[in-house]
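Enquirer: I have a structure I would like to understand better, so I am pasting it below and will then ask my questions one at a time.
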Amino acid sequence: MDMVPVYRPKSDSEALVVAALMQAHGITHFMRGGAFSSMYPGTLSTSLNAQMLMVESSQVDSARELLANFLDDA
C-alpha cells in the first residue's frame, strides 16, 4: 500500500477532526507522527511534534476534495 502525504494539521484537535473525516468517508489513512506528537503536546510548529496526514495513493484526490470542503467551511 503506497501512502502519500496530503495535509499537515495545525493542532492536535485539527488532526483528530481530519482523521475522523477520513474515516467517516472510508479513506485509508494514518497520521504520521501522531504518537510522537502526544509526547510533546501543544502547537505543531516544529518537525519534532508535527503530524502529517498520509492517504493511500488511490484515494488522494478524494481526500484532498474532502479537506478542501472542510477547510473552506472552517
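Enquirer: Taking amide H positions as placed 1.01 Å from N in the peptide plane, with prolines and chain starts having none, which residues 5 or more places from THR28, or on another chain, fall under 5 Å of its amide H?
Expert: GLU56
Enquirer: Okay, next question. Provide the gained length on full extension for the span MET1 to GLU56, in nm with one decimal, where the gain is 0.36 nm per separating residue minus the Cα-Cα distance.
Expert: Going from the current span to full extension adds 19.1 nm.
Enquirer: Order these by the 10 Å Cβ neighbour count, fewest first: VAL55, VAL6.
Expert: Taking fewest neighbouring Cβ atoms as first place, the list is VAL6, VAL55.
Enquirer: Please give me the summed charge of the neighbours of VAL4: other residues whose Cβ is under 15 Å from its Cβ, Lys and Arg +1, Asp and Glu -1.
Expert: Counting the neighbours of VAL4, the net charge comes to -1.
Enquirer: Cβ under 13 Å from ASP72's Cβ, ASP72 left aside: what net charge do those residues give with Lys, Arg +1 and Asp, Glu -1?
Expert: Here the charged neighbours net out to -1.
Enquirer: OK, next. Using 0.36 nm per residue, how much length does the chain from ASP72 to VAL17 gain when fully extended, once their Cα-Cα distance is taken away?
Expert: 18.4 nm
Enquirer: Taking neighbour Cβ counts within 10 Å as the exposure measure, how do ASP73, ASP2 sort from fewest upward?
Expert: ASP73, ASP2
Every number in this text was worked out from the coordinates using simple rules, so none of it is lab data. What you see is a predicted model, and the numbers here were worked out from it, not measured in a lab. Because the Cβ atoms are built from the backbone with ideal geometry, glycine has one as well, and the counts that use them run over all protein chains shown.
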